[in-house]
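Data block below; observations after.
Read-outs throughout are calculated quantities, based only on the coordinates presented, and are distinct from any laboratory measurement. Bear in mind the structure is a predicted one, so any value in this text is a computation, not a measurement. Don't worry about glycine lacking a Cβ; one is built from the backbone with ideal geometry, like all the others, and counts go over all protein chains shown.
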Amino acid sequence: MARKKIELNETTQTLVTKYIEDTGIDFNELANKALKDYIVNKLTPNEVKAALKNSGKEPSKFLDEILQNNIHKDWNL
């Protein structure tokens with residue numbers, strides 16, 4: 001897995017700290033889920049399929065998972 005360094009601004013750091021304390025989720029797990037959800041909501045389904053084509057995960061299964069997780073969220077396209 002690729003390692004990336006991110007720098008959180010003060011507001012985001014405060015929110016992350018609170019969320020981690022409340023849920024017990026690992027920071028890396030939170031960052032991966034948040035980035036995936038954000039990016040998938042910004043891309044079209046075809047762009048997601050193209051990006052995942054060679055990733056080893058079946059795009060339609062991935063999209064089904066995302067849609068199920070975000071069915072009641074607002075889509076900020």
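Numbers below:
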item: Extension gain from residue 37 to residue 49, taking 0.36 nm per residue of separation minus the Cα-Cα distance; result: 2.9 nm
item: Estimated vicinal HN-Hα couplings, Hz - segment 35-49 in sequence order (Karplus 6.51, -1.76, 1.60; Gly, Pro = x); result: 5, 4, 4, 4, 5, 4, 6, 8, 8, 7, x, 5, 5, 5, 4
item: Simple spin-label estimate for residue 4 and residue 21 in nanometres, 7 Å along Cα-Cβ; result: 2.7 nm
item: Length gained when the stretch residue 13-residue 29 is fully extended (0.36 nm per residue, less Cα-Cα span); result: 4.2 nm
